[in-house]
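What follows is a single structure, written as structure tokens, with notes after it.
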Amino acid sequence: MLSEKLVDELNEQIKYEFFSAYLYMAISGYFEAEDLPGLAAWMRVQALEEMTHAEKFFNFLCDAGGRTDLRGFEKPKNDYASPLAAFEYSLEHEKFVTNRINGLMDLAKTEGSHATQILLQWFVTEQVEEESSFGLIVKKLHRIGNDGNGLLRLDEDLATRIFVYTPPA
């Protein structure tokens with residue numbers, strides 16, 4: 001049985017996972033407008049991944065007997081000074097999500113919710129990967145600087161990312 005506090009925080013996390021998907025779709029649109037289809041495609045794949053994260057939390061909450069409460073969120077930012085600025089913003093967002101996941105883990109431990117801890121362990125590991133992926137692209141964009149050829153190469157490279165859908169367990 002999940003406490004009201006834990007159910008509330010899990011519902012809040014569902015909101016942030018959906019917001020992440022919405023944010024990355026908005027950034028994808030920014031990249032499309034900037035004629036960077038590879039960066040746009042990379043962000044669309046990221047948005048799909050975030051949707052599966054929301055679904056994983058949603059399914060867990062349903063299975064654990066909690067009541068889902070889908071919540072709205074604000075319009076995401078969709079205009080940036082540069083591709084670097086967009087990825088730096090995204091990295092900061094991922095750090096925010098990491099802090100939320102860590103807070104949820106602390107709450108689950110305090111409340112002795114072992115099942116929630118097991119769910120969250122997957123997300124703890126996932127957030128290491130998320131921050132690493134965004135961080136690497138930020139580093140590459142810093143190296144590229146104002147080199148248009150470097151940006152086009154990165155755009156081509158990021159276009160190769162594919163999304164393999166694995167339904168959340």
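General observations
- From 56, 75, residue being within 18 Å of residue 124 (Cα to Cα) and basic (Lys, Arg): 56
- Qualifying residue in region 20-40 (condition: more than 30 Å from residue 150 (Cα to Cα), free of Cβ contacts under 8 Å to residues at least 60 places away in the same chain and out of contact with any His (no Cβ under 6 Å at 6 or more places or on another chain)): no
- In the set (1) under 28 Å from residue 32 (Cα atoms); (2) more than 20 Å from the chain's Cα centre (by Cα); (3) outside any loop (DSSP other than H, G, I, E, B), the condition left unmet by residue 96 is number (2).
- Filter pass, residue 64 being within 30 Å of residue 149 (Cβ to Cβ), of a type in the set (Gly, Ala, Ser), out of contact with any Pro (no Cβ under 9 Å at 6 or more places or on another chain) and modelled with pLDDT of 95 or more: no
- Region 140-152 residues that are among the β-branched types (Val, Ile, Thr), paired with ones that are surrounded by 14 or more Cβ atoms within 10 Å (Cβ to Cβ) (beta carbon under 9 Å, 6 or more apart): 144/83; 144/84; 144/150; 144/151; 144/153; 144/154
- Among the residues of region 35-47, the ones that are part of a loop (DSSP other than H, G, I, E, B) and either more than 20 Å from residue 161 (Cβ to Cβ) or touching an Asp or Glu at 6+ places or on another chain (Cβ under 6 Å) (or both) come to 1 in all.
- If you filter region 116-169 down to residues that are modelled with pLDDT of 95 or more and among the polar types (S, T, N, Q), you find that the one that is surrounded by the most Cβ atoms within 10 Å (Cβ to Cβ) is 116.
- Considering the conditions (1) at pLDDT below 95; (2) surrounded by 20 or more Cβ atoms within 10 Å (Cβ to Cβ), residue 1 is excluded by exactly one of them, (2).
- Residue satisfying all of: in region 21-40; touching a helix residue (DSSP H, G or I) at 6+ places or on another chain (Cβ under 7 Å) and among the aliphatic types (A, V, I, L, M); farthest from residue 72 (Cα to Cα) among these: 36
- Counting only residues that are in contact (Cβ under 8 Å) with a residue 12 or more places away in the chain, in a helix (DSSP H, G or I) and surrounded by fewer than 17 Cβ atoms within 10 Å (Cβ to Cβ), region 48-88 holds 4 of them.
- Of everything listed in (1) touching a Ser or Thr at 6+ places or on another chain (Cβ under 6 Å); (2) more than 19 Å from residue 134 (Cα to Cα), the single unmet condition for residue 35 is (1).
- Yes/no for residue 32 being of a type in the set (D, E, K, R), in a helix (DSSP H, G or I) and crowded, with 20+ Cβ neighbours inside 10 Å: no
- The set of residues in region 145-161 that are within 16 Å of residue 85 (Cβ to Cβ) and of a type in the set (Gly, Ala, Ser) contains only 145.
The values are calculated or read from the model by the stated rules, or taken from the named source; none is laboratory data. Source: prediction; values computed, not measured. FYI the Cβ positions are ideal-geometry reconstructions off the backbone, even for glycines, and counts take in every protein chain you see.
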